[in-house]
Every structure is written in structure tokens, then in C-alpha cells.
Amino acid sequence: MKKHLAFFLAMLMLLGLLCGCKGATGKNTSAGMKDNSITVGIAQDLDNSLDPYKMTAAGTREVMFNIFEGLVKPDKDGNFVCAVASDYSVSSDGLVYTFILRSGVVFHNGAKVTAEDVMYSFKTCASTSVTAALVEALSAVDAYEVTATQFSIVLKEPNPDFLSYVCNVSIVPKDYHDQDTAPVGTGPFKFQSRRVLDNFVIVRNDDYYGQKAHLSKVTYRILEDNTALFTALNSGSLDLVAHLTIDQTKNLTNGYRVAEGTMNLVQAIYLNHDVKPFDDVRVRQALCYAVDVDAMLKLTSGGHGTAVGSSMYPAFGKYFDESLANAYPHDIAKAKQLLAEAGYPNGFSFTIKVPSNYQPHVDCATVLVEQLKAAGIDAKIQLVDWSTWLSDVYKGRNFEATITGFDSSTLNASGMLARWETGNGKNMINYSNADYDAAYRAARATADDAQQTQYYKQCLAILSQDAANVYLQDLVDFVATHPKLKGYEFYPLYVMDMSLLYWDK
Amino acid sequence: MKYLAKKLAALVATLLVVSLLAFLAFQVIPGDPTTKILGTEATDEAVEALRQELGLNENVFVRYFRWLGNFLTGDFGMNYSRHMPVSQLLGDGLVVTFALTVLSFLITVLVAIPLGILGGSARSQLLDGAFAVVDQAVMSIPPFFMATLLTWVFGILLGLFQPGRYTSYADSIPGFVACLIMPALSIAIPRIAMTVKMLRSAIREEMERDYVRTARSRGNNRRAILARHVLKNAMVTTVTFLAVSAAEIMTGSIIIEQVFGLPGVGQLLLEGISNREFLTVQAIVVILAAWVVVVNFLADILHQLLDPRVRYE
């Protein structure tokens, strides 16, 4: 009897444990529908500092977009719309930007937004921002002029891109010093709490001046392990997850809707021009001919993604030139011929350093190696972790070739193109082309928007002709949402706008 | 007393070696914490100023001994990318990891011992065979795979719990414990199988011994012998094994935390390594090493208490 009893007790204990963790899961309803909240899964914790001028990670900006606003802010079509300002005008010489402050805008701490706060924000941003391009743009400010309802910026020289920098200056309350840990802005959501490696919670700002958010609360759950994130999504614990891979969307079995957008970046094989044989334009062109971008997209992402052809992605409709994507059609014979002309009739070998934490880059590199073999080029993949990539490849420029994606941190074309100017601190490929430098400088110097666009397009054409890099694609971005969660919109920049989401009951 | 002093000296030496190795490893691997803190857009002056502030430009050994001095006085330093004292960061993480360890250990002990006795005393050939097969199979499943399996079966197919949900102990203790059950089972189940196998074979071995035969011939029944004599002897190795398990469970929980998204020291360790936060990694490595050494030491003492024949001198 006793042994049966022991067995029975053991089983009972197991059963008890299993029942103890029973949660409330329904197939087609989410726990969040009841209290009008959602849980969003994110793959990395936010930066330690939530101060808008000190944020560095794209994942942090993506979340804080809901909390901070500038005088103007980007909309889903990439236009700048009024936010803390209700109207603005630019003087005919392009030197004076005048913003009318919207009346009745309050900070999350209840204080009214005044012109003094705006000036404080610009001055603090100019002196403390970690974004070098923003600091540089603001250094061209000659003076700020403040009245009770108006804020003017006088520039030393015209800058047609200036509004995109204004957009990046989050308006914060004057003399508030806890932005690091308790951020206060004017956006449609307020910061509520955060817990290291666990969650980040924002709640609706009921005093918002514009269209108020539908959801009352958004909890970001941090799951750094990719499998854990996917499992949580597939089980229905999460209502929304962005940046999924094609394989993950295929494995999703819980009936969630999948929307497709783009990552808004330029993925390319970036070549170090200071290293032989990549100093020879013919070798770079040969690589471009040897790579079949369409086949690569089919193999790595089921044909999703957009070929780019130069350092600009399609969301920048004004500058993007579709024809450049076909500048180098797949042509092995031509690649071999170019290599022979350059003195490498039997091909050559090189190492491509790939950041191991970005699966799309790893996948593309794998396909690349196979494609280059056909042209007699022997490429070897060396996986490096992200910290190593940053210090060795990006900062140290100690590489032959690497694969990564660049986006525009300042929401304008110069954010994409400034880095390829000779001697630029971020010019990690050591690119140097006098024609490019001249075109880029001309673009920066002009106050005329149409003319500037022409110059930027010229820059892009030069990068293509010169085969500065082997340009691949703007990566596809998949977002999975609960079938009853509606309103998700893709932006032409790396943000998730939570104010548009609502439960369709 | 002499034994204790010797053990203590060994403990200190182990920790010194471990911490020095971890420190040196950080000198060998490329990468530097400033890029994570300041981002890729930062100016060179800002990077240099931060390197100066963090003391990264100084000699390796100077830095090691400064760290050691601070560590011994209880100052674990700062986690730069989180701008938090390491001790505060670890405090929260350790609660999670320790709770997970304790729960896994309790489940292991409470399930394995009855099952082991049952397996050891079974007389039916069929039952015994089945027991051995199942035991061997479960034992070969690594905890991280067990975690995936449990999540899939109980989380997705049966919907008994919500994968990826976590309730902090600060919000609700029962909710916190509920979140730890699946992770704890993932660690405990393979370990239960190991313990059962050990206890089962120990009991079988003891049952073959002369004293059992003698007791039987004197008319004692099998069950009484099992309870009164065999179990006590068979338990010696099992208890020692369980004690050592306590150390392995804690180190093993690092992977399991990752699978279930629990904010324990395992996640902090991995994050620390990828962000090159050497102070955080140092502290965790030393704490884990200390736990392993101390638990092994306690296991020795326990073994000695249970089996008076054993004497460590």
C-alpha cells in the first residue's frame, strides 16, 4: 500500500504544480481588451537614460516617440506636421524660422509649455545631445528670439533641412532634472514605470492637445531571447511584436494578422576602400555584377524587401532613384572581365565581418558567399558580436568588407549622405571622391529645395557609378498584431506610434 | 578546525583565480563599453572623456587591484550602460535567480525521493524495466530543451500558462511564484530523473548486501528492513548528490532565465558580456563561483555527518 501511496502523492504534487500556474488565456480575446491596454514585445531593454537628448539606441527612440515631441513631428507619410507649435513660417532668405506656440499644451507633469521652455530645450539639446549631426546643425543658430506666444530661430546660413532637425529637438520642461529616470514630455503617452530587463510601461496622456490615444496603457515586455519572444507572441501573451523575420511569420499559428512594411535603412556590403583590391573601382563593380540581389531576396526573405542601388531608401521619395537599383544587372561574364582588367583574372579572396546578432545580415552574407563563388571570388564570413563590430569595424575600420544597414538618424537626406564625404568621422569605408564631395557640398550650401534635391540625386548617382558599396536592399519589416487590434501604421522611420492603435471589439 | 581553515583558504584562492580570469578575459575580447553608452554618433572627445572617467586607459593590473579593493569593501562599482550601482542591479536579479533555484531544488527533492524509493523497491520486472527506460529518456533531455517542450505543450497547446508573462515579486508574491513554476520544472525534471536513478541503484545495491540477507534470515520483513536500515545507507550518496545539485541548479538557471525572459542574474550576465560591463560580469562570476564552492563545502560536511566512516582531514 505504502508504495502506491508514495507514487500517488508524487503525482498529486506534480498535478498541483501544473494547476497552480493556470492563467487566463482565451483563444480570440486578449487580456488587454478588458482594460483597454496592450502588451508589446520588444527584443531589447531601453537605454539607461530616458533623457531625449541622451538616447542612443534605435529601440529606445522607437518607444520614446510616444512620449516626446518637437515643435513639429513626423507623420506616417514622412511630412513634418505641427506639434507643440501650431504654425510656422520661414523667411524668404531661409534664415529665420518662426514658430507660433500652440496654446494650452501642457507637459506630463501638469506645467504649461511656455516659449521659455522651448528655448531651454533648444539650448540644452545643443549642448548635451549625443547626436553629433544635431549638435552641428544647432551650432549654426545665430540667435533665439522669444515672445509670449512665439519662438524664432535665426540661422547664420540657410539650411533647407533645418526643419528635420527642429523635429529632433524634443520639447522638455525648463529646470526639470529627472529626465534620466522619469521623462516628462508633451506626447500622447506618459511614462509610468520601468523595470530592468522586465518591462516599460506608458499610459495615455489625457491632457493631450491633439487626437488622444485610444489605448489607456501600453506595457512593453522585454524578451531578449528571440525564441522566447516568438513563443510569447504565438501563445497570445503579447498583442503586438514588430521586426519579425519571414520564417517567424510563417510559423505563427495563432491567427494574428501580419502587416508588411520596410525597415527604412540601406543594407549593403560595405567595402573598405583603403584595402586592396577594393581601392579599384573595377573590382567593386565586378562585385556588383556578381551579386544577384533579386535571387538573394528570394532566398533570404521570400522575395520581400526592396532593392535600393544607392545610399537612399524608398521612403525618401524625393531623393530615391529607382533606376539605380538596376544599374548592375546580374552578369557573371562581365564581372569576370572586370576582374581580369583589374589584374585578378583568377579572382581573389577576402573576409566579410558580419554582426552575428542581426539574422538578416547573416543570411544575406551566406547567400553572398555562394553568389561570389561563380565569379571566382572566395569570400569568407567572420561572425563578430555587436560590441566588437562597433569598436573594430565601425570605429576602428579594421575590416575588408562588412554587411550592415544604415538609416538616417536625423530624418533627412544628409543623414544618409554626410558620412561618405572625404574625411567624415563616420566614413567607415574611407570613401573619397572629389566629385561626390563637390556635389554634397553644393547641396548643403544651397537654400533652394529643388536645387538641393538635384544635388543629392547627383550624389546618389555618383555612389552608384563608383560602386562605392555593393548596395542590396531596404529590409522588409513584419509586424504581427492581435486580430482585434487595429490601427497599426508604418512610419518612414524607426518608430511605433501607439496612439493610433485601438481594440475593435 | 584545521579542515575548515583549509577549505576556507581554498575558497578564497578559487575566487581570486576566477575573478582574475574573468577580468583578463575582458582584456582579450575586443569591444568597449563607451560605444554602447554614447552610441555611434558620439564625438571622439566625448568617447575619450568617458574612457577617462571609467579608468579604461589605465594599466590592467592597476584596475584589477582597484576593483578587488573596492569589491572587498562591498563596493561593486557601477553598471555604466544602466547607470546603476551593480549591487542594486544584482539585488533584484539575485532574488529571482535564488527563488528559481530554491523552487527547482524543492521540486527535485519532493518528487525524486518518493519516486526513487518506489523504483528501488519495485519487485515487478516489467515495472522496473519501464521505470528505467522512462528515467533514462527524461534524464537525457537538457533543461533548455525541456523548457521549450514545456512551453509548447502547456503554454501553447493547453494554454495552462502564458509564456513570456512575468510578475515581479514586488507586485505579487503568488504571481511571482506562479511565473517560476514552469522554469523550475524545466530545471527540476531532468535532475529528478538523475536523482531517481541514483537512489534507485543505491537501494538495489544495499538490498544485495549481507546484512540485509542476515536480517531477512532472522525473520524481518522486507519493507521493515528497507525503511529501517537500507534507506539510511542508500541516502548517503543521494543527499550528497542533491547538495551538489543545488550548485548546478543555480548556474543552470542562467540559460532557463533567458528562455522564459526572467530578469535574473543570468540575463544580467549575458547583457553585461555583450555590453562589455566588466564590473557587472565580475560581480556575478564571483557570486556564482562562491555559491558553487560554498555549496560543495556544505555537501562535504553533510556527507561526513551522514556517514561517520568518512573523515576529511
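The values are calculated or read from the model by the stated rules, or taken from the named source; none is laboratory data. Computed from a prediction, not measured in an experiment: that's the story for all the values here. In this analysis, Cβ positions are derived from the backbone assuming ideal geometry, glycine residues included, and neighbour counts consider all displayed protein chains.
What the table shows:
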quantity: Scope segment A:365-416; condition assigned to a strand (DSSP E or B) and either within 24 Å of residue B:45 (Cβ to Cβ) or acidic (Asp, Glu) (or both); matching residues; calculated: A:378, A:406
quantity: Yes/no for residue B:251 being assigned by TED's automatic domain parsing to the domain that holds residue B:150, of a type in the set (Val, Ile, Thr) and closer than 30 Å to residue A:194 by Cβ; calculated: yes
quantity: Any pair with Cβ under 9 angstrom, 6 or more apart, that starts in segment A:302-330 at a residue that is under 18 Å from residue A:412 (Cα atoms) and ends at one that is of a type in the set (Val, Ile, Thr) and in a loop (DSSP other than H, G, I, E, B); calculated: A:314/A:308; A:320/A:308
quantity: Helices (runs of 4 or more DSSP H) (entirely within segment A:83-181) containing at least 2 residues that are among the small types (Gly, Ala, Ser) and touching a Gly at 6+ places or on another chain (Cβ under 8 Å); calculated: A:132-138
quantity: Residue among B:257, B:206, B:248 that alone is among the acidic types (Asp, Glu) and either in a loop (DSSP other than H, G, I, E, B) or within 14 Å of another protein chain (Cβ to nearest Cβ) (or both); calculated: B:257
quantity: Only listed residue being within 10 Å of another protein chain (Cβ to nearest Cβ), crowded, with 19+ Cβ neighbours inside 10 Å and either modelled with pLDDT of 90 or more or in contact with a helix residue (DSSP H, G or I) (Cβ under 9 Å, 6 or more places away or on another chain) (or both), chosen from A:238, A:215, A:244; calculated: A:238
quantity: Test: residue in segment A:56-74 that is within 27 Å of residue B:38 (Cβ to Cβ), within 14 Å of chain B (Cβ to nearest Cβ), in a loop (DSSP other than H, G, I, E, B) and touching a residue at least 24 places away in the same chain (Cβ under 8 Å); calculated: yes
quantity: Per-region count, segment A:87-135, residues farther than 18 Å from residue A:159 by Cα, surrounded by fewer than 17 Cβ atoms within 10 Å (Cβ to Cβ) and of a type outside the set (A, V, I, L, M); calculated: 10
quantity: Residue B:55 being away from every other protein chain (no Cβ under 14 Å), touching a helix residue (DSSP H, G or I) at 6+ places or on another chain (Cβ under 9 Å) and at pLDDT below 80; calculated: yes
quantity: Among the residues listed as A:435, A:477, the single one being in a helix (DSSP H, G or I) and charged (D, E, K, R); calculated: A:435
quantity: Criterion violated by residue A:171 - all others in (1) within 11 Å of another protein chain (Cβ to nearest Cβ); (2) over 30 Å from residue B:154 (Cβ atoms); (3) buried (at least 20 other Cβ atoms within 10 Å of the Cβ) satisfied; calculated: (1)
quantity: Whichever residue in segment B:119-145 is aliphatic (A, V, I, L, M), in a helix (DSSP H, G or I) and within 14 Å of chain A (Cβ to nearest Cβ) and, among such residues, is surrounded by the most Cβ atoms within 10 Å (Cβ to Cβ); calculated: B:138
quantity: Subset of segment B:168-192 (residues that are within 10 Å of another protein chain (Cβ to nearest Cβ) and closer than 30 Å to residue B:132 by Cβ); calculated: B:181, B:182, B:184, B:185, B:188, B:189, B:192
quantity: Residue B:66 vs. criteria without any contact (Cβ under 8 Å) to a residue 60 or more places away in the chain and within 12 Å of chain A (Cβ to nearest Cβ); calculated: no
quantity: Tally of residues being more than 36 Å from the chain's Cα centre (by Cα) and not β-branched (Val, Ile, Thr) across segment B:12-49; calculated: 7
quantity: Near pairs, Cβ below 8 angstrom, 6+ apart or cross-chain, from segment A:477-505 (over 15 Å from residue A:257 (Cβ atoms)) to any residue that is assigned to a helix (DSSP H, G or I); calculated: A:494/A:58; A:494/A:61; A:494/A:62; A:495/A:61; A:495/A:62; A:496/A:62; A:496/A:63; A:505/A:33
quantity: Strands (runs of 3 or more DSSP E) contained entirely in segment A:184-293, each with at least 3 residues that are under 30 Å from residue B:84 (Cα atoms) and in contact (Cβ under 8 Å) with a residue 40 or more places away in the chain; calculated: A:189-195, A:217-222, A:240-244
quantity: Candidate set: segment A:413-452, residues that are at pLDDT 90 or above and hydroxyl-bearing (Ser, Thr, Tyr); chosen: the one surrounded by the fewest Cβ atoms within 10 Å (Cβ to Cβ); calculated: A:422
quantity: Test: residue in segment B:121-132 that is over 29 Å from residue B:200 (Cα atoms) and either more than 17 Å from the chain's Cα centre (by Cα) or at pLDDT 90 or above (or both); calculated: no
quantity: Selected residue (only one of B:280, B:195 is in a helix (DSSP H, G or I), more than 12 Å from chain A (Cβ to nearest Cβ) and of a type in the set (Val, Ile, Thr)); calculated: B:195
quantity: Residue in segment B:227-243 that is within 20 Å of residue B:99 (Cα to Cα), within 14 Å of another protein chain (Cβ to nearest Cβ) and either surrounded by 23 or more Cβ atoms within 10 Å (Cβ to Cβ) or not aromatic (Phe, Trp, Tyr) (or both) present; calculated: no
quantity: Any chance residue B:159 is out of contact with any Cys (no Cβ under 6 Å at 6 or more places or on another chain), within 13 Å of chain A (Cβ to nearest Cβ), within 22 Å of residue A:226 (Cα to Cα) and part of a helix (DSSP H, G or I); calculated: no
quantity: Pairs, first among the hydrophobic types (A, V, I, L, M, F, W, C) in segment B:91-104, second assigned to a helix (DSSP H, G or I), C-beta under 7 Å, six or more apart; calculated: B:94/B:265; B:99/B:180; B:100/B:180; B:100/B:183; B:100/B:184; B:100/B:253; B:103/B:180; B:103/B:184
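Condition check ((1) of a type outside the set (A, V, I, L, M); (2) farther than 30 Å from residue B:37 by Cα; (3) under 19 Å from the mean Cα position of the chain (by Cα); (4) in the same structural domain as residue A:450 (by TED's automatic domain parsing)) across all residues:
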residue	(1), (2), (3), (4)
A:308	no, yes, yes, yes
A:315	no, no, yes, yes
A:325	no, yes, no, yes
A:355	yes, no, yes, yes
A:358	yes, no, yes, yes
A:377	no, yes, no, yes
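Residue by residue, here is whether (1) of a type in the set (A, V, I, L, M, F, W, C); (2) not assigned by TED's automatic domain parsing to the domain that holds residue A:441 holds:
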residue: A:464; (1), (2): no, no
residue: A:481; (1), (2): no, yes
residue: A:485; (1), (2): yes, yes
residue: A:499; (1), (2): no, yes
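Residue-wise test of (1) touching a strand residue (DSSP E or B) at 6+ places or on another chain (Cβ under 6 Å); (2) in the same structural domain as residue A:487 (by TED's automatic domain parsing).
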position: A:40; (1), (2): yes, yes
position: A:43; (1), (2): no, yes
position: A:54; (1), (2): no, no
position: A:57; (1), (2): no, no
position: A:61; (1), (2): no, no
position: A:90; (1), (2): yes, no
position: A:108; (1), (2): yes, no
position: A:115; (1), (2): yes, no
position: A:119; (1), (2): yes, no
